Amino acid sequence: TLATQTDYRDGEAQTDPYSPEYIVHSGSIPELLTLATLTWGRGLPAGLEEVEMIDRTREKRAWEASLPPMDSDANTAKRLKMMEEMERKEWAFREQEIEKLQKVRLEVFKKMLRRRDENQNKLDAKHLCDHWQNRQKAREEKIKKIRHDYALMLRKLIANRKDMTGKLERRDIIKEYTDFSSQIYAPLSRIGFFPDNNSDCYVVKNFYLNTFAGLCELETSLPDSVIQLKIKAPKPRCAITKTGFIKRSARLEADLAQVHQALLKKKKDKVKEPKKPIPVLEKVEEPVPKPPTLILEKPSIEEEEIELAVVCLQKLLRGRAIQNMMFEGKKKRLDLIQELRATHALQEDGQLLLKAEEQRILALQQQHDSQMHKLSSMEKDLATIEGRTLANILDFLSKELLRLQQERKIHALVMLAERQRRMREAEESGCRQMEERRRQEEDEIFRQAREGDWKDCGQTIDTYLEDVILSSMERTAEEQAREEVQRRAVEINDIAYEMESRRTRLQSEEIVAELVYDFLIPEAAKSSMRERVRQSQRKHIYAAHQIIHGGTE
């Protein structure tokens, strides 16, 4: 009565459809019951193949109904002829079904082979990439080693060039200690000094600081006043209201008190002046009289104007003189100035030529880079193709090697099996000969005993009657067995026809598949195996013949 919410669709939670119970009246065979073997997911909902199967079963039932009764020889011959035609049609249909099944399997095999090739290509690409990375690492290491050797040889050449005369010099300790870039202050690691190797010796190692047990012991040794701190809240310096604010008057009083304390502290820290000595009579020298102060007379306005005019005239004369000197120097060095101007023009032309040359070089460099890029891409493609070809060749060779090994193993197993078969045949032939010899001996003993009995007693009527009764019993038993076999054959034939009429397409396919798997495929595998063994033996026989003929020649 309640609704539910689910994350699944109805199709995902759907079970097999409900099939109600039914009752079949005696003597009636509904057509719907022939489809009872079809279930949901295996034939239902019905498709084109199921519809064709239903049509075939209807046609077969109609054909069975049209068969003539076996009441005369003509009807029996006609019935056999119709049954043979129907059997040929069924075999043709089964062959078509087998061909369809083989086509489907062939497509599946092709897909599997294609998927295997793709996986193998991916694996080969991965192996090739790993190989490429390893080669790149080896190349980088080789380049690093070459650079290291290059630096080492350069240092050796520089050291040899410093001492061209080959004289040995003593160590100048004073010079080494005055030079802060010498080996005393900054030793090189390539000489054999590694300053960070023994850096642990300068680290402070303490049991109480580096271990948990030491920390616990240190904590137990400390007093409680050190571990458990007691913090007292500071008292307010001035009055505070109920709301927690300070009044302006109280803040002003606190500031004045702080200033007063600072003044008192400064007064206390002030150094006391030394006491003055006792005054005594001293001679006071008179100061030297100062020279009289010079007094300049104030010039008149006319004199100031004349002085300013003279100063202006002097400036004009000096400027004109400098200008004349510049013009005279220009006239004297006019050729030099023109030469400099021509040189400057030539420099501008040279700069233009240099720019054009630079642009040409840049274009050539770009062209070279593009060509190198093309060459590198071509080499990369060639390397990819070569790697793929090598991988295919190696794969083929490895598969051929495995195939040869498997052939040798199979040949060895066949030889061992043949040897065991021959040994068992020899043993069985020996046992058979012994049994035949023993049987002959027993027959001979029995014959001699019977001949002795006949000679002694003679043949009686009892043995004759016994032989007659035994022969009649054997004849009667043989006739009864034949009748029983015929009756059983008829019953089995009826049951087989009934099963054939009720059999579905899936059951027919299963029977055909079992026949193919049980007879055709094993026989084909045996024939292929025999051919492989024959070919492998032919190779060895041909090699042995060549060796023998070569030795005889």
- request: Report, by residue number, each residue of the range 61-79 that is open to solvent by 70 Å² or more (accessible area, probe 1.4 Å), among the charged types (D, E, K, R) and part of a helix (DSSP H, G or I).
  value: Arg61, Glu64, Asp73, Lys78
- prompt: Out of all the residues in the range 27-60, which are under 22 Å from Glu90 (Cβ atoms), over 55 Å from the mean Cα position of the chain (by Cα) and open to solvent by 60 Å² or more (accessible area, probe 1.4 Å)?
  reply: Ile29, Glu31, Arg58, Glu59
query: If you take the residues of the range 464-503 that are acidic (Asp, Glu) and open to solvent by less than 100 Å² (accessible area, probe 1.4 Å), which of them is farthest from the chain's Cα centre (by Cα)?
result: Asp467
- request: Answer yes or no: is there a residue in the range 1-22 that is open to solvent by less than 100 Å² (accessible area, probe 1.4 Å) and at pLDDT 75 or above.
  value: no
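The values are calculated or read from the model by the stated rules, or taken from the named source; none is laboratory data. Since this is a predicted model, take the numbers as computed values, not measurements. Here Cβ is always computed from backbone atoms with ideal geometry, including for glycine, and neighbour counts include all displayed protein chains. Please note that ligands, DNA and RNA were not included when accessible areas were found on the heavy atoms of the full protein model with its side chains. Shrake-Rupley method; radii C 1.70, N 1.55, O 1.52, S 1.80 Å.
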